[in-house]
Amino acid sequence: MSDPLAAWLKQRGLTLVGDPPMVQGLGLQLALTPVLRNEWTHRIAEDPDGLEAELTSMVHAPGLPSGWFVARSGVRLLLMARASLADDALHLPLSKKAAAALVHTDPEERLITFLRNGHLEGWMTDLQTAHDAALAGLDAVLAEAKLELGRAGDSGSPLGMLSTTSPFKASLLLAPGLKARVAEPLGWPLLAVAPCRDFLYLFSDRALIPELGSAVVHELETSPHPISDEVFQIGDEGLEAIGAYTPA
């Protein structure tokens, strides 16, 4: 059975490869999640010009900086689903379902490029240096985010949210400066759920874990950039998944 989206992309020099599928070609590589596939399939019928303009802006966006001195300010770690990663993308596995990918983004955070060994070689830098720059980049995003506090559950336990439009919102779980920012109002070690790029809850009361389940699963199933339905614990020793709302 023919795939209308695959045929539409092929006419524009792009192909779907792998499982889960990635959109590749013309210098572009993009994970095609089920939600994003459904959205694009709808748009090729209802708004093909708009979708084509969007893809064109991605393909013709400025390339990566040629030198590390300039490039380092755009390096980040991106929290994402392990299943969506290309095999050669530089990344750190975090759990059964999540990983931190080493990426570069433009100053407007409009285009995210997954980094590979060739990028680091071209910049004449090493993985540790790039990783350190990525953490510094997350701290810069964290510094601009606003911590919003609410109450949840029958006991009215504190629930924190970091308000930012950055696509690295969920990735702030990995920011070295997170403890200094949230420990006083929320406690430490901390628990967190990050089902997609733009959804992050921080809390310390384990009684909230079952109460947040429906929201986490809904976001995971409907977001174009799903990550994981796992519950994470963040402490001085790092981040680890302590459970999940659905089986791995």
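Readers should treat all values here as calculations from the given coordinates under stated rules, not as data from a laboratory. Bear in mind the structure is a predicted one, so any value in this text is a computation, not a measurement. Here the Cβ is made from the backbone with ideal geometry for all residues, glycine too, and neighbour counts use every protein chain on show.
If you bin the C-alpha pair distances of the chain every 10 Å from 0, what whole percents do you get?
Pairs per bin, as whole percents: 7, 29, 34, 22, 8, 1.
What's the Cα-based Rg to Rh of the stretch 33-163, Rh via Kirkwood?
Taking Rg over the Kirkwood Rh, I get 1.05.
With N denoting the number of residues in the stretch 145-244, provide Rg(C-alpha) divided by 2.2 N^0.38 Å, to two decimal places.
Cα-based Rg divided by the globular estimate yields 0.98.
Can you put 129, 33, 56 in order, fewest other beta carbons within 10 Å first?
In increasing order of surrounding Cβ atoms, one gets 56, 129, 33.
What list do you get for 104, 42, 131 if you sort them by fewest beta carbons within 10 Å?
42, 131, 104
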